[in-house]
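Colleague: Okay, handing you the structure first.
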Amino acid sequence: MNNAMAGNNTSVEDVNKSHLAAVLQILKKYNLKNTEELFKKEANISDGLESSSNLQRESNVSSVLTGYKSDGDPETYINSYRELKNFVEDSLDIYKHELGTILYPILVHMYLELVYNGHTEKAITLMKAFGPEQDSYYQDDLRKLALVTNREHMNGNELTDTFKSHQFIIRMSRDTLSLLKRHLNDRKASVLLNIVQEHLYFDMYEGVARNKSQIDATSGAVGGEAKRQDNKVKVFYGIPKAPDIQSLAAPIEEEDGEDQENPEKPKKKKAKKDPLFSKKTKSDPNAPPPDRIPAPDLKDNDKLEKVKALREASKRVTLGPETLPSVCCYTLMNTSQSVCCAEITEDSSMLAVGFSDAVIKVWSLVPQKLKTLKSAQQLQEVNIDAEDLMVRIMNERSGEICRTLTGHAGPVYAVSFSPDRTLLLSCSEDSTIRLWSLQIWTSLVVYKGHLFPVWDVKFSPLGYYFASASHDRTARLWATDHYSPLRLFAGHFSDVDCLQFHPNSNYIATGSSDRRVCLWDCTTGNHVRLMTGHKAPIHALAFSVCGRFLSSSGADCRVLIWDLSHGHLVAELTGHEKPVHTLNFSRCGNILCSGGLDFSLKVWDFSKITEDISSEEVNVSHNPDIKTGEQYLLRDFATKSSPLIHLHFTRRNLLLAVATYDGSNP
């Protein structure tokens, strides 16, 4: 009896030692020395014990952290899954669809458990029997999973790592969940119970179980649906009141009549009231406090630019079903295989294009040519107090229609102009981000932080700040005068493919290959919205003018509209036949345009979508019914074998499109 007890204690001690060694190995791997010392002290791990060969053998982190245990007979897996599937199919219709959401994650974990324990043939049999009947949007993941046929394949595999280290989230009503628990406890199926307890997270809500269409609308992401808790934080989605620039903009005019008593006295001058600034803008109750994030001071040149933009906006055409935008398409010829990205400046004066041969080209879209600064000797002669200083410092003879920037060592995947058009950002496969001067036409800074290709980069509407998205599954917030990132946004399970700044610059939205859209707070670095519903990687994001709505599109050929106040999916726009790579809202906010690889540009009535949403009560327990159908499609413009890569509305609401002609698709 005593010997048996002693043997049992030894085995428990070995397991605990193994767990401690695994944690210690992780601390060593990430060079967390202070934490390592504290951990050794608290766990009573001596240096002699740590260096022993016995501990080194036991410190296999992957085996300790997998959570997959052998359950004896592999036949029980297939039988247990078949029994669970029959239980779901025999349930009442009201519960059937929600119960069905557990079938996919349980199949995945059963497969991985069998592979981990060396039962590869049974794992393949299980996958062949039940894999094809899973939802269509999971088939790509199941095909990738089928390539994992032994324990070594699981190490470093993106998909298996996600399932091992994160619980699959399933949103379920209280009644449905109690029905499932009752079934599992009655059957006493240890295989199923282990998977449910260790690898599934049930986000329970009170109310009626969701129907098939409601579940399909928000399912499809790698890690399951978003938890309701992920979307509880308040989001300041409003637009702050614009700074007062009237004093700078108001022209001066002389007062009529002379002073009779003192004719020699200079005439008084007073500011002429400009009707452009007479309207007082109301402060938005949902806007963030003005000092929530530090903003660079506006220079006189910036203020003059804002005045110019306001004057342009006063001549803007308000778009709608009766007034559709005119479209001007810039088609890049003989470049369909080499163009990676394109961007047009906010004032529509320049176009930048990134190529697969690491070159960036910038074109002028207006009569003014692209000039460079005068030489240092010539600049000494310039009067720095002159009002037209920015014009005087440029060399008039150096004007060109197109300029080329070279410096990257791989394809350029994204470019972004600063709001004042003096700087350009670019990111590349070479893992770097470059900041270019558009006055001396050379690289100023190389930002190195990402370890893998950088897919997207964007300037903040404020300038100064910018953000990047990478293959390393992170997005980062930078400032132009810092070499290191200010914030690291980590939480996606796969590549972060695209990002977009909120119009108020307080938030950044990211879209990923894990089929999730995240909204991150720039001040804290935490995600404040997590939205699921896409069935394939996400390629484009765009915020509405009011800041409340976010549109996203991707390889599933759909455009989704999200309400950031609750994180709900509110509309699904279908019609594209190939991936949608670019989105943009009109300057008035009434129109949403989408363009893709199907050579078409679609114009959607966004004002009608918002009207339909506002007329309904919001169900906060789970997503409201999704708006669908072609009732919102206003117009479909076709190009001649030219996939669209960028859309841009001018200040007067003319739509500019950039496309690449593909001669192989006549």
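The values are calculated or read from the model by the stated rules, or taken from the named source; none is laboratory data. In this text, all values refer to a predicted model and were calculated from it rather than measured experimentally. Cβ sites come from the backbone with ideal geometry, for glycine too, and all protein chains shown count toward neighbours. Side chains included, ligands, DNA and RNA excluded: accessible areas come from the protein's heavy atoms. Shrake-Rupley method; radii C 1.70, N 1.55, O 1.52, S 1.80 Å.
Colleague: Extension gain ASP161-GLN439, at 0.36 nm per residue separation less the Cα-Cα distance, in nm?
Modeller: Residue separation times 0.36 nm, minus the Cα-Cα distance, leaves 95.4 nm.
Colleague: Kirkwood hydrodynamic radius, computed over distinct alpha-carbon pairs, for segment 535-666: how many Å, to one decimal?
Modeller: Values: mean 1/r = 0.0661 Å⁻¹.
So the Kirkwood estimate lands at 15.1 Å.
Colleague: Which of rounded, prolate, oblate describes segment 453-550, given a ≥ b ≥ c as roots of the alpha-carbon gyration tensor eigenvalues and a/c under 1.5 marking rounded, otherwise prolate only if a/b is larger than b/c? Working shown, then result.
Modeller: Numbers: a/c = 1.70, a/b = 1.20, b/c = 1.42.
It is oblate, given that a/c is not under 1.5 and a/b is not larger than b/c.
Colleague: Another question, if that's okay. Of all accessible surface on segment 358-423 at a 1.4 Å probe, what whole percent is carbon and sulfur? Could the numbers behind the result be given before it?
Modeller: Numbers: 1950 of 3970 Å².
Within segment 358-423, the accessible surface is 49 percent carbon and sulfur.
Colleague: Moving to a separate point now. Could you pull the accessible area for HIS566 with a 1.4 Å probe, rounded to 10 Å²?
Modeller: 70 Å²
Colleague: Check which residues have an amide H placed less than 5 Å from GLY533's amide H, if you skip close sequence neighbours.
Modeller: For GLY533, whose amide H was placed from the backbone, the distant partners under 5 Å are ALA221.
Colleague: Separate question: Just to confirm a number: summing +1 for Lys and Arg and -1 for Asp and Glu over residues other than SER418 whose beta-carbon lies under 14 angstrom from that of SER418, what do you get? Present the calculation step by step, with values, prior to reporting the outcome.
Modeller: Details: positive: LYS299, ARG421, ARG434, LYS458; negative: ASP302, GLU305, GLU343, GLU346, ASP347, ASP420, ASP481.
Net of charged neighbours comes to -3.
Colleague: Under 20 °C and 1.002 mPa s, how fast does segment 70-146 diffuse according to Stokes-Einstein, given a Kirkwood radius computed over C-alpha pairs? Answer in µm²/s, whole number. Don't jump to the answer; show the numbers that get you there.
Modeller: On the way: Rh = 12.9 Å.
Estimated via Stokes-Einstein, D reaches 166 µm²/s.
Colleague: Right, another one. Once you sort the root eigenvalues of the Cα gyration tensor of segment 283-432 as a ≥ b ≥ c, which label holds: rounded (a/c under 1.5), prolate (a/b larger than b/c) or oblate (the other case)?
Modeller: On the way: a/c = 1.42, a/b = 1.04, b/c = 1.37.
Here segment 283-432 falls in the rounded category.
Colleague: Among the listed pairs LYS232/LYS627; LYS85/LYS602; LYS96/LYS227; LYS306/LYS458; LYS128/LYS232, which have their C-alpha atoms separated by more than 31 angstrom in this model?
Modeller: On the way: LYS232/LYS627 23 Å; LYS85/LYS602 42 Å; LYS96/LYS227 21 Å; LYS306/LYS458 20 Å; LYS128/LYS232 40 Å.
Pairs exceeding the cut-off: LYS85/LYS602; LYS128/LYS232.
Colleague: Another one. Write down the accessible area per residue of segment 150-207 in Å², having rolled a 1.4 Å probe over the full set of protein chains. The partial results should precede the final answer.
Modeller: On the way: 2940 Å² over 58 residues.
It amounts to 51 Å² per residue over segment 150-207.
Colleague: Rounded to the nearest 0.05, what FRET efficiency do TYR661 and THR406 give with R0 = 30 Å and r taken as the Cβ-Cβ distance? Could you check? Present the calculation step by step, with values, prior to reporting the outcome.
Modeller: Working: r = 24 Å, r/R0 = 0.81.
For TYR661 and THR406, the calculated efficiency is 0.80.
Colleague: In whole percent, and with a 1.4 Å probe on the protein chains, what portion of the accessible area of segment 69-216 is carbon and sulfur? Mind showing how you got there, number by number?
Modeller: Values: 3450 of 7070 Å².
Result for segment 69-216: 49 percent of the exposed heavy-atom area is carbon or sulfur.
Colleague: Let me ask something else about it. For segment 128-235, just the Cα atoms, rotate onto the principal axes and tell me the three extents in Å, largest first.
Modeller: So the three principal-axis extents are 43, 43, 25 Å.
Colleague: Run the dipole for segment 375-446 about the Cα centre, Lys and Arg Cβ at +1, Asp and Glu Cβ at -1, nothing else charged, and hand back the magnitude in debye, nearest 20. Before the final figure, lay out the partial values.
Modeller: Details: 5 positive and 9 negative charges, 45 e Å.
I would put it at about 220 debye.
Colleague: Ok, one more. Please compute one quarter of the surface area of the Cα convex hull for segment 303-383 and express it in square nanometres. Working shown, then result.
Modeller: Numbers: hull surface 38.1 nm².
One quarter of the hull surface, i.e. the mean projection, equals 9.5 nm².
Colleague: Return the carbon/sulfur percentage of the accessible area of segment 452-570, one whole number, probe 1.4 Å, all protein chains in place. Spell out each step's value before the answer.
Modeller: Details: 1590 of 2960 Å².
In segment 452-570, the share of accessible area belonging to carbon and sulfur is 54 percent.
Colleague: Still on this structure, I have one more. LYS308 versus GLU75, label points 7 Å from Cα toward the beta carbon: distance in nm?
Modeller: Going from the LYS308 label point to the GLU75 one covers 8.1 nm.
Colleague: Let me ask you something else. Please provide three numbers in whole Å: the alpha-carbon extents of segment 365-407 along the principal axes, with the largest listed first.
Modeller: Principal-axis extents of the Cα atoms in segment 365-407, largest first: 31, 25, 17 Å.
Colleague: Provide the gained length on full extension for the span ASN194 to ALA376, in nm with one decimal, where the gain is 0.36 nm per separating residue minus the Cα-Cα distance. Intermediate values should be presented prior to the final figure.
Modeller: Values: separation 182, 0.36 × 182 = 65.52 nm, distance 7.31 nm.
My answer for the length gained is 58.2 nm.
Colleague: Identify the residues of segment 186-224 with backbone N under 20 Å of a label point that sits 7 angstrom from the Cα of ARG82 along the Cα-to-Cβ direction, or state none.
Modeller: Under 20 Å, as judged by backbone N against the label point of ARG82, lie 187-193 of segment 186-224.
Colleague: Within a Cβ distance under 11 Å of PHE452, other residues only, what is the Lys/Arg minus Asp/Glu net charge?
Modeller: Numbers: positive: ARG473; negative: GLU429, ASP430, ASP472, ASP495.
Computed value for this residue: -3.
Colleague: If the limit is 21 Å between Cα atoms, which of LYS303/LYS371; LYS303/LYS448; LYS535/LYS578; LYS241/LYS308; LYS234/LYS299 go over it? Each step should come with its number before you reach the end.
Modeller: Values: LYS303/LYS371 23 Å; LYS303/LYS448 33 Å; LYS535/LYS578 13 Å; LYS241/LYS308 18 Å; LYS234/LYS299 32 Å.
Pairs exceeding the cut-off: LYS303/LYS371; LYS303/LYS448; LYS234/LYS299.
Colleague: Explain nothing, just the number: dipole magnitude of segment 294-382 about its Cα centre with +1 on each Lys and Arg Cβ and -1 on each Asp and Glu Cβ, in debye rounded to the nearest 20. If you can, show how the numbers build up before the last one.
Modeller: Working: 11 positive and 11 negative charges, 53 e Å.
Using Cβ point charges on Lys, Arg, Asp and Glu, segment 294-382 gives about 260 debye.
Colleague: How large is the accessible surface per residue of segment 456-529, computed with a 1.4 Å probe and reported in Å² as a whole number?
Modeller: Numbers: 2050 Å² over 74 residues.
Heavy-atom SASA per residue in segment 456-529 reads 28 Å².
Colleague: Then there's this: Under a point spin-label approximation (7 Å from Cα along Cα-to-Cβ), what is the GLU37-LYS96 distance to one decimal in nm?
Modeller: Distance between label points: 6.4 nm.
Colleague: Further question on the same structure: Please express the Cα-Cα pair-distance distribution P(r) of segment 381-487 as a list of whole percents, one per 5 Å bin, running from 0 to the bin with the greatest distance.
Modeller: For segment 381-487, the binned pair fractions read 2, 12, 21, 21, 16, 11, 8, 5, 3, 1, 0 percent.
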